[in-house]
1. As I understand it, the value is the acute angle between the Cα axis of helix 19-28 and the longest principal axis of the Cα atoms of the chain; what does it come to in degrees, rounded to 10?
2. Give the angle, between 0 and 90 degrees and rounded to the nearest 10, that separates the Cα long axis of helix 70-86 from the longest principal axis of the Cα atoms of the chain.
3. Give the Debye-formula value of log10 I(q)/I(0) at each listed q (0.20 Å⁻¹), with one equal scatterer per alpha carbon of the stretch 9-139, two decimals each.
4. Where Rh is the Kirkwood radius over the Cα pairs of the stretch 35-101, the temperature 10 °C and the viscosity 1.306 mPa s, what D in µm²/s does Stokes-Einstein return?
5. Based on alpha-carbon centroids, what's the gap between the stretch 92-149 and the stretch 1-52 in Å, whole number please?
6. Between helix 53-65 and the chain, what is the angle of the helix's C-alpha long axis to the longest principal axis, kept within 0 to 90° and rounded to the nearest 10?
7. With every atom except the alpha carbons ignored, what do you get for Rg and Dmax of the chain, in angstroms?
8. Given N residues in the stretch 114-228, what is Rg(Cα) / (2.2 N^0.38 Å)?
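What follows is calculated from the coordinates using simple rules that are stated; it is not laboratory data. What you see is a predicted model, and the numbers here were worked out from it, not measured in a lab. Methodologically, a virtual Cβ is constructed for each residue, glycine included, from the backbone with ideal geometry; neighbour enumeration extends over all protein chains shown.
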């Protein structure tokens, strides 16, 4: 199939890492993988129709276990742009949760800086000027989300927005509304995952935060009376 230039606005940095890179990074830090060759690991990492989201999230857990250093984050950021370029993408916004890359002591600001460095290199070598959306995790306390937002605001540069994502049941987006409002006041765009693994009430909660985008939102089919 032929197509014109593509723009990708919903791309999880940790959701498109090359299986060979996952093997390299995980084995470098002693993390066991479900398979020891890239092809087999790629099959395991593939999210298939009907797979429960909890099972899908376990794929992210493995990838992120190997993404706990600045060098690893720079590498996957550069490779992510390389792979999109092959598909004809000319602009992309990568989203990731800085919190998920702090297990070995990096701060959210250092995580963002590492990804930015990889995207800077991609811009120099490939010509694609990719941007960053910093993700807050729903099941984390508000003060953690505020730290992520402040790091994003301070980083400037490639940061274009924030997101709220993760486990939906029991964690409505409105729990993070002060952080979302702080980001919006600073001029960042706001997108919120909602209606992905829980009902339309989660979409209503997300809309109360006044985002410019909703991620997924397919559960709106269960209640088309949700307005705006």
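1. It is inclined by approximately 80 degrees.
2. Taking Cα atoms only, the helix is inclined about 90 degrees.
3. Scattering profile of the stretch 9-139, log10 relative to I(0): -1.24.
4. On the way: Rh = 13.8 Å.
D = 115 µm²/s.
5. For the stretch 92-149 versus the stretch 1-52, the Cα centre distance is 18 Å.
6. 50 degrees
7. 17.3, 51
8. Details: Rg = 15.1 Å, N = 115, 2.2 N^0.38 = 13.4 Å.
Computed over Cα atoms of the stretch 114-228, the ratio equals 1.13.
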